[in-house]
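Worksheet: one structure, shown below.
The values are calculated or read from the model by the stated rules, or taken from the named source; none is laboratory data. None of these values were measured; they are calculated from a predicted model. Here Cβ is always computed from backbone atoms with ideal geometry, including for glycine, and neighbour counts include all displayed protein chains. Calculation scope for accessible area: heavy atoms of the full protein, side chains included, ligands and nucleic acids excluded. Shrake-Rupley method; radii C 1.70, N 1.55, O 1.52, S 1.80 Å.
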Amino acid sequence: MAYVYDDQNIFAKILRGEIPNDTVYEDEYALAFRDIQPQAPVHVLVIPKGPYVTYDHFANAATDAEIVGYSRAIGKVCALLGVSPGEGGQGYRTIANSGDDGVQEVTHLHTHILGGRPLGRMLQRARD
Ligand code: 5GP
């Protein structure tokens, strides 16, 4: 089933300037802003400017320039936040939740960058 982008999702509204955000970084390809309900001392969301629902949608449908631009933006944001291990930071985790099993709340691709404390295991072990 093909992806259908909902232009009324909250991040589309943020991109259009209809809802305020705490911007960390912006360029032609990406916008990075602080999560409204941070799960760690550092919690920033990086979104592409194009209308993509999930990471696989973006990877399959975006232009090469968009993919490079978005990837570079994530690298720049990690450096800006001071979490990049290559620049003396303590590390971070990137997460891109997708679809129902991924528990994606907002249907515009976003990469969470989390850090500022030890983050524990990647996933909780299944209880059953
Ligand atoms: P998801 O579960 O889709 O990966 O994560 C969506 C994230 O967006 C959540 O961490 C949530 O706190 C964040 N979020 C939802 N609405 C807003 C908003 O209006 N502004 C900001 N900055 N973050 C939001």
Amide H contacts of Val24 (H built 1.01 Å from N, under 5 Å, at least 5 apart or other chain): Ala32, Phe33, Arg34
Dipole of the chain, positive end: most advanced residue of Ile95, Pro85, Thr63 [Cβ charges, Cα centre]: Pro85
Area of Ile10 that stays accessible when all protein chains are in place (1.4 Å probe, Å², to 10): 80 Å²
Efficiency of FRET between Ile95 and Glu28 - r from beta-carbon atoms, R0 35 angstrom, step 0.05: 0.90
Per residue accessible area in Å² of the stretch 10-115, where ligands, DNA and RNA are left out and the probe is 1.4 Å: 54 Å²
Cα centre as origin, Lys/Arg/Asp/Glu Cβ charges: the stretch 10-115 dipole, Debye: 200 debye
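Tell me, what is the percent relative contact order of the stretch 10-115, built from C-alpha pairs under 8 Å that lie six or more residues apart?
After rounding, I find 30 percent.
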Stretch gain in nm, segment Leu123-Ile10, where the contour uses 0.36 nm per residue and the Cα spacing is subtracted: 38.0 nm
Gyration tensor over alpha-carbon atoms, the chain, equivalent ellipsoid semi-axes in Å: 23, 19, 15
